[in-house]
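Structure provided below as structure tokens; questions to follow.
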Amino acid sequence: MDAHEAHRQHDNDQPARKGRRVAYVVVELRGATAHFQATDDPDRTFRTGAADLAGQLGIDVSELLGRPCTCWVEPTEYGVIRSGFTLA
């Protein structure tokens, strides 16, 4: 197997993604920002736009606080990308 083949999935020949789905809970709303923590690491808090997060989850901003959700966390060369938020 060469390096090119090692980075491809076997079933649909799409590039393999390095990452995992992580469970979070929204712990604070501060202005237009939602703060959320990984359920397995409550010492680290992340933030994103509250309206954007609510839109991805298909709920109203007023329903975010305390809401569990998951997202795809993928390390990149320049940091971490969190995408694909869904309700847990």
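Quick test of your reading of the structure: V26 fulfils all but one of (1) of a type outside the set (D, E); (2) loosely packed, with under 13 Cβ neighbours inside 10 Å; (3) modelled with pLDDT of 95 or more; (4) in a strand (DSSP E or B). Name the failing condition by number.
(2)
OK, next. Which of the residues spanning the range 29-78 are under 15 Å from the mean Cα position of the chain (by Cα), charged (D, E, K, R) and not in a strand (DSSP E or B)?
D40, D52, R67
If a residue has to be surrounded by fewer than 13 Cβ atoms within 10 Å (Cβ to Cβ), modelled with pLDDT of 95 or more and among the charged types (D, E, K, R) to count, how many in the range 64-88 make the cut?
Residues that pass the stated criteria total 0.
With the requirement that a residue be aromatic (F, W, Y) and farther than 11 Å from V22 by Cα, what does the range 44-88 give you? Walk me through how you get there before you give the answer.
Pass one, the range 44-88, residues aromatic (F, W, Y): 46, 72, 78, 85.
Scanning the range 44-88 gives F46, Y78.
While we're on this one: With the structure loaded, tell me whether A54 is without any contact (Cβ under 8 Å) to a residue 60 or more places away in the chain and touching a Leu at 6+ places or on another chain (Cβ under 7 Å) or whether it fails that test. It would help to see each step written out before you state the result.
Working: without any contact (Cβ under 8 Å) to a residue 60 or more places away in the chain: yes; touching a Leu at 6+ places or on another chain (Cβ under 7 Å): yes.
When the stated conditions are applied, A54 passes them.
The values are calculated or read from the model by the stated rules, or taken from the named source; none is laboratory data. If you're wondering where the values come from, they're calculated on a predicted model, not measured in any experiment. Every residue, glycine as well, gets a Cβ built from its backbone with ideal geometry; the counts of neighbours run over all protein chains shown.
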